[in-house]
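The values are calculated or read from the model by the stated rules, or taken from the named source; none is laboratory data. Everything numeric here is computed off the predicted structure, so don't read it as measured data. Here Cβ is always computed from backbone atoms with ideal geometry, including for glycine, and neighbour counts include all displayed protein chains.
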Amino acid sequence: MHARSALFDVYGDLLSQRGNRSSVAGLVRLLAPTGIAAPAVRTAISRMVSQGWLEPATVAGARGYAATEQAIRRLDAARERIYRRTTSEWDHHWQLVFVCTPIDRPARARVQRELSFLGYAEFSDLVWVSPFVRRDLDVALERAGARAHTAVASDFSPPGAPAAAWDLERLAAAYATWLASAEAEIDRHLAGHDDPDEAAFAARFHLVHEWRKFLFEDPGLPDELLPADWPGRAAAAFFTAAAERLQPGADRFVARTLSEG
């Protein structure tokens, strides 16, 4: 687990109800049960500040960092997708995003990273597609240093043809693999731990961290475009139940840890 990725999990999953901020000492203590050492946490904080995700803040009289506005927007959108809190009815239209040229290789990589995170796929060269208009598209393009024109299309033959832009076979295999090992992974964190709340925190943190990776792979296609036996449904049901089961103990550990001097 990389410290930067873990910090995104901390701010997105643990600090949203706590002012989106924490002292440095609090961040170090929270990440200790995940196996991330203090120097790695501090290095990751510095990088996230330089990238515009965190900004210095005083927290209970101590040096700390708060999520920036762009980070809060990104984390809020990610949290909605992680917990599948909102569902949108598909109107059978597709949004097309035509990325303007000239665009060099580094810019292409940035566009790929930003638009894939939002749920777009590259349908053809520099043409990206999504079944929904994604929030923060303009912000993502600006962050990638790119410009684009958009259009809405409804007439494809066959109608679901754009769904082929995503590798659904690989995604289905990833869901099935994750589901097959998720329960054993939770049990591994809970077994033989002296502090059941810390154990619940570590188990839930790793659960969310691994599930969060699907944000970069699963575009959230409308259900009617997915196979009847789509393994993502069973995986999502397991994740939701496990996260809720571990939540009380994890919350107690977080509250205790952040209140320590």
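Only one entry in Ala164, Ala144, Ala151, Ala107 is of a type outside the set (Ser, Thr, Tyr), over 28 Å from Phe205 (Cβ atoms) and touching a strand residue (DSSP E or B) at 6+ places or on another chain (Cβ under 8 Å), namely Ala151. Residue count for segment 135-175 satisfying the condition of being under 22 Å from the mean Cα position of the chain (by Cα) and crowded, with 19+ Cβ neighbours inside 10 Å: 8. Per the listing Pro56, Pro106, the residue uniquely of a type outside the set (Gly, Ala, Ser), more than 29 Å from Gly160 (Cα to Cα) and assigned to a strand (DSSP E or B) is Pro56. From Arg63, Arg81, Arg42, which residue is within 25 Å of Leu207 (Cβ to Cβ), outside the structural domain of Asp138 (by TED's automatic domain parsing) and out of contact with any strand residue (DSSP E or B) (no Cβ under 6 Å at 6 or more places or on another chain)? The match here is Arg81.
The set of residues from segment 47-61 being surrounded by 13 or more Cβ atoms within 10 Å (Cβ to Cβ) and over 19 Å from Gln17 (Cα atoms) comprises Arg47, Met48, Val49, Gln51. Does segment 92-99 contain at least one residue that is farther than 17 Å from Ala6 by Cα and at pLDDT below 85? No, segment 92-99 contains no residue that is farther than 17 Å from Ala6 by Cα and at pLDDT below 85. With respect to Arg188, determine if the residue is free of Cβ contacts under 8 Å to residues at least 60 places away in the same chain, farther than 22 Å from Phe98 by Cβ and more than 18 Å from the chain's Cα centre (by Cα). Answer is yes for this residue.
Could you please let me know if Leu207 is within 30 Å of Tyr65 (Cβ to Cβ), free of Cβ contacts under 8 Å to residues at least 40 places away in the same chain and among the aliphatic types (A, V, I, L, M)? Yes, satisfied. When we screen Arg105, Arg21, Arg47, Arg73 for residues that are of a type in the set (Lys, Arg), within 20 Å of the chain's Cα centre (by Cα) and under 30 Å from Val152 (Cβ atoms), the only hit is Arg73. Among the conditions (1) within 30 Å of Val133 (Cα to Cα); (2) buried (at least 18 other Cβ atoms within 10 Å of the Cβ); (3) of a type outside the set (S, T, N, Q); (4) modelled with pLDDT of 90 or more, the only one that Ala202 does not satisfy is (1). Within segment 59-75, the residues that satisfy the criterion of being assigned to a helix (DSSP H, G or I), farther than 16 Å from Ser5 by Cβ and not β-branched (Val, Ile, Thr) are Glu69, Gln70, Arg73.
Taking the criterion of being among the β-branched types (Val, Ile, Thr) and either part of a helix (DSSP H, G or I) or in contact with a Phe, Trp or Tyr (Cβ under 6 Å, 6 or more places away or on another chain) (or both), the residues of segment 1-51 that qualify are Val10, Val24, Val28, Thr34, Val41, Thr43, Ile45, Val49.
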